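This report concerns only the one structure given below.
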Amino acid sequence: MDFNVSERMQTVIEMMNEFMEKEVIPIEREFFHHSFTDLYPVLNEKREMVKKMELWAPPHPEEYGGMGLDLMDFGLVSEALGRSPLGHYVFGCQAPDAGNIEILHLHGTDAQKRKYLQRLIGGEIRSCFSMTEVNMPGSNPTMLETTAVKNGNDYVINGQKWYTTAADGAEFAIVMAVTDPQAPPLRQASMIIVPCDTPGFNNVRNISIMGHEGSGWHSHSEIIYQNCRVSQDNLLGSEGEGFVLAQDRLGPGRIHHCMRWIGICQRAFELMLSRANNRYIAPGQLLSSRQIIQGWIAESAAEIQAARLMVLHAAWKMSHLGQKATRTEISLIKFFVANVLQKVIDRALQTHGGLGMSDDTILSFFYRFERAARIYDGVDEVHKIAVAKRILNEFEKRNVR
Ligand SMILES: Cc1cc2nc3c(=O)[nH]c(=O)nc-3n(C[C@H](O)[C@H](O)[C@H](O)COP(=O)(O)OP(=O)(O)OC[C@H]3O[C@@H](n4cnc5c(N)ncnc54)[C@H](O)[C@@H]3O)c2cc1C
């Protein structure tokens, strides 16, 4: 097993770390106190700097202006950028665009690629992914109410979605809708590109999340599709292939999220260390002198390292053996890392006392917004059930003494 990081990647990560420290983390305070859309001018400035440094769009194809990094290398990058909630956006590899780019690149027609892919990778436009519905369980996505019915050369889409992240200001949505209700459950739905200015695409509201409505890329919308008509040329892949495409999107996407979360863990951990080393809790006695805090530090260090190695291993396995062979590892990291994230943030916040609850550090932001990690891209419980079933099945064939 080789744990070496190539010379090129060491340089790339060093450059990114430096940029994050000097250019991105200092503007976070603005992010806490202003609407995300107010930050576009300064964020665009930073994005131009990243492009000049040739560090733009790390996981995306070189032919479209990305760096073309493989999953392992992007995993390392994602940890560096994950230290700030603005990191992935500034470097042009933010969700949900990254996943949509993957689908368009793998399954888009030439015309769809010409229309959307170059501009999406270049950061000129944004997109969103619209699958979860208000009245149906997102944890069982085969139960969808939204339909896309053929009419002439078009599809007419009707349905109510929510949690469509970053729909506010997006150029187009990739919508999951039922195209054949008579087909077996996993063949009923298709993915369709819907430009957000299509009549009948109604962005009803930005859902308030933990007291924050958000705006632009940093928002989650409820959308009502009301006789929303688009050409059948907007179908992605073939009809009935929606869930196959969703798997192509979710596998690498979960690795990206997990490595981003490790970046958050590492930052929260460093803040905890700094606070413990500087806060006096009795004359001459630092917080770091207390065993309970030392216990949190040791546990956090072990959990972060375990999480990092698990994710890098999953990325390696997916690159070498493919997505199907890596299903168990992907589910393991999805719930394991999301829970490490919660614990590390919570300990760091507790170590800061009242300061942790304030917006004077990044910790309260992480605490509010990263709770969702245990819900999106598959709730903990569903991943655990899937893993346990697979392990039990494999074990059934064994003769244990
Ligand atoms: C911040 C955020 C961003 C999101 N972004 C997007 C997006 O861009 N696009 C999109 O389409 N969706 C998005 N989602 C939606 C997300 O994918 C769903 O919330 C998720 O799939 C869960 O679906 P649900 O909310 O309908 O919960 P439900 O399916 O109703 O489940 C509720 C709870 O029931 C439990 N549960 C469910 N199934 C089982 C089971 N089999 N066994 C035991 N317990 C179970 C779990 O505890 C689960 O949390 C986002 C969600 C959040 C919070």
Q. Per-residue ellipticity at 222 nm for the chain, helices alone: DSSP H runs ≥ 4 residues times -39500 (n - 2.57), over residue total, nearest 500 deg cm²/dmol?
A. -15000 deg cm²/dmol
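Taking 0.36 nm per residue of sequence separation and subtracting the Cα-Cα distance, how much length would be gained by fully extending the chain between Phe369 and Asn277, in nm to one decimal? All intermediate terms of the calculation are to be shown ahead of the outcome.
Working: separation 92, 0.36 × 92 = 33.12 nm, distance 2.70 nm.
The span from Phe369 to Asn277 would gain 30.4 nm if fully extended.
What percent does the relative contact order of the chain come to when contacts are Cα pairs within less than 8 Å and at least six residues apart? Walk me through the numbers on the way to the answer.
On the way: 648 pairs, mean separation 55.6, N = 401.
Reported relative contact order: 14 percent.
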Q: Hey, for a label at Thr328 modelled as a point 7 Å past Cα toward Cβ, could you say which residues of the stretch 239-256 have their backbone N under 20 Å away?
A: 251-252, 254-255
Q: Report the residues of the stretch 192-206 in range of a label on Ile224: point 7 Å along Cα→C-beta, backbone N strictly under 16 Å from it.
A: 199-206
**Q.** Cβ crowding within 10 Å averaged over residues, with 47-54, 373-380 ranked highest first
**A.** 373-380, 47-54
Q) Label-point separation (nm) for Asn339 and Ser289, each offset 7 Å from Cα along Cα-to-Cβ? A) 3.6
Q. If the limit is 20 Å between Cα atoms, which of Lys343/Lys384; Lys161/Lys343; Lys22/Lys51 go over it?
A. Lys161/Lys343
Q) What is the stretch 127-236 by shape, rounded, prolate or oblate, if you read a ≥ b ≥ c off the alpha carbon gyration tensor as root eigenvalues and call it rounded for a/c under 1.5, prolate for a/b larger than b/c, and oblate otherwise? A) oblate
Q: Neighbouring Cβ atoms within 10 Å as the yardstick, rank Lys317, Lys389 fewest first.
A: Lys389, Lys317
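Arranged by the count of other C-beta atoms within 10 angstrom, fewest first, what order do Met357, Met272 take? Could you put the intermediate results ahead of the total?
On the way: Met357 14, Met272 26.
Arranged by neighbour count, lowest to highest, Met357, Met272 become Met357, Met272.
Once you have the Cα-Cα distance between Met210 and Gln232, take 0.36 nm times their residue separation minus that, and quote the gain in nm to one decimal.
4.1 nm
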Q: Classify the chain as rounded, prolate or oblate from the Cα gyration tensor: take a ≥ b ≥ c as the square roots of its eigenvalues, call it rounded if a/c is under 1.5, otherwise prolate when a/b beats b/c and oblate if not.
A: prolate
(Q) Using a 10 Å cut-off around each Cβ, can you sort Thr328, Thr361 from fewest to most neighbouring Cβ atoms? (A) Thr328, Thr361
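Multiply the residue gap between His34 and Ile391 by 0.36 nm, knock off their C-alpha separation, and tell me the result in nm, one decimal place. Spell out each step's value before the answer.
On the way: separation 357, 0.36 × 357 = 128.52 nm, distance 4.75 nm.
Roughly 123.8 nm would be gained on extension.
Excluding Gly159 itself, what net charge comes from residues whose Cβ is under 9 Å from its Cβ, given Lys and Arg +1 and Asp and Glu -1?
Values: positive: Lys161; negative: Glu133, Glu145.
Overall, the nearby charge balance is -1.
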(Q) Below 8 Å between Cα atoms, with a sequence gap of 6+, how large is the relative contact order for the stretch 7-104 in percent? (A) 31
Q | Protection proxy ranking, peptides 178-188, 300-310, average beta carbon neighbours within 10 Å, highest first | A | 300-310, 178-188
Q: Which order do the peptides 73-81, 13-21, 363-371 take when ranked by the mean count of other beta-carbon atoms within 10 Å per residue, highest first?
A: 73-81, 363-371, 13-21
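No lab work stands behind these numbers, since they all come straight from the coordinates. These figures come from a predicted structure and were not determined experimentally. Because the Cβ atoms are built from the backbone with ideal geometry, glycine has one as well, and the counts that use them run over all protein chains shown.
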